[in-house]
Amino acid sequence: MEAIQVLYEDNHLLAVNKPAGWLVQGDETGDEPLSNWAKAYIKSRYNKPGDVFLGVVHRIDRPVSGVVVMARTSKALERMNRLFQERKIQKTYWAICAQRPEPFSGHLAHYIAKDTAKNVAKAYDRLSRRVTDAKLGELDYELLAEIDGRCLLGVYPLTGRPHQIRVQLAKINCPIVGDVKYGFPQPLHDGSIALHCLSLSFEHPVLKTPITISADPPRSHVWRPFLHLR
């Protein structure tokens with residue numbers, strides 16, 4: 001597993017490039033989450049006694065890499081939560097698929113429901129009596145490059161539903177490379193999927209200045225052909 005890279009830090013926020021394989025928050029597996037690593041990092045770097053406050057603002061899935069922002073104060077946490085709720089965070093992801101999307105760019109809107117017991121989401125074109133708990137998920141996408149039969153998509157989520165990008169791309173017959181849960185035929189050797197949170201842009205919750213936090217994709221064989229596009 002790649003090392004965790006700190007991308008940005010000040011008195012209010014800490015942002016890192018999460019390697020695929022890390023949980024953002026703890027779950028029933030008992031594996032150490034990114035939030036624990038971040039607390040230990042802050043405690044050591046700033047020689048803080050006692051417990052360290054760290055608020056998880058958002059999550060990306062375990063097999064996904066990229067930008068994760070955490071709050072170092074309760075004020076920053078409350079304000080960042082509000083920015084996400086009000087959709088004032090501009091999110092950019094890269095995804096590698098084996099199929100070319102048709103059309104090459106577009107807007108996707110599906111109703112997404114998650115089966116928590118199976119940890120899998122389903123995307124529906126419309127609500128029905130059979131599906132009543134689904135929530136609208138929307139994203140924009142564009143084809144950025146095609147190399148050796150693999151397609152690089154820029155994906156711009158407008159909402160933050162569970163497994164949203166994964167299930168919506170699968171819905172248009174473009175499952176993400178390595179994502180066997182959503183229809184790709186074989187896994188990647190390290191258990192990751194070719195989905196990366198490339199950047200988050202927003203107004204700093206305390207300083208009120210515009211900020212963009214970016215993270216380079218992994219340097220694995222899957223991503224290597226596309227790294228020159230950064």
* Asked: Does residue 30 satisfy being in a loop (DSSP other than H, G, I, E, B), of a type outside the set (Phe, Trp, Tyr) and over 15 Å from the mean Cα position of the chain (by Cα)?
  -> yes
* Structure fact -> Residue pairs within 9 Å by beta carbon, gap of at least six or interchain, first lying in the stretch 41-53 and farther than 17 Å from residue 3 by Cα and at pLDDT 90 or above, second among the β-branched types (Val, Ile, Thr) and part of a loop (DSSP other than H, G, I, E, B), listed first then second, are 43/52; 53/73
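From the list 114, 118, 181, pick out the single residue that is at pLDDT below 95, surrounded by 14 or more Cβ atoms within 10 Å (Cβ to Cβ) and basic (Lys, Arg).
114
Yes/no matrix, rows are residues, columns are (1) modelled with pLDDT of 95 or more; (2) over 17 Å from residue 194 (Cβ atoms); (3) of a type in the set (S, T, N, Q):
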| site | (1), (2), (3) |
| --- | --- |
| 70 | yes, yes, no |
| 74 | yes, yes, yes |
| 106 | yes, yes, no |
| 123 | yes, yes, no |
| 129 | no, yes, no |
| 142 | yes, no, no |
| 146 | yes, no, no |
| 150 | yes, no, no |
* Asked: Which of (1) surrounded by 14 or more Cβ atoms within 10 Å (Cβ to Cβ); (2) in a loop (DSSP other than H, G, I, E, B) does residue 145 not meet, given it meets every other one?
  -> (2)
* **Lone unmet requirement of (1) under 13 Å from the mean Cα position of the chain (by Cα); (2) over 27 Å from residue 222 (Cα atoms) for residue 61** => (2)
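The values are calculated or read from the model by the stated rules, or taken from the named source; none is laboratory data. The shown structure was predicted, so the numbers you read here are calculated from the model rather than taken from an experiment. Glycine also receives a Cβ, built like all others from the backbone with ideal geometry; neighbour counts cover every protein chain displayed.
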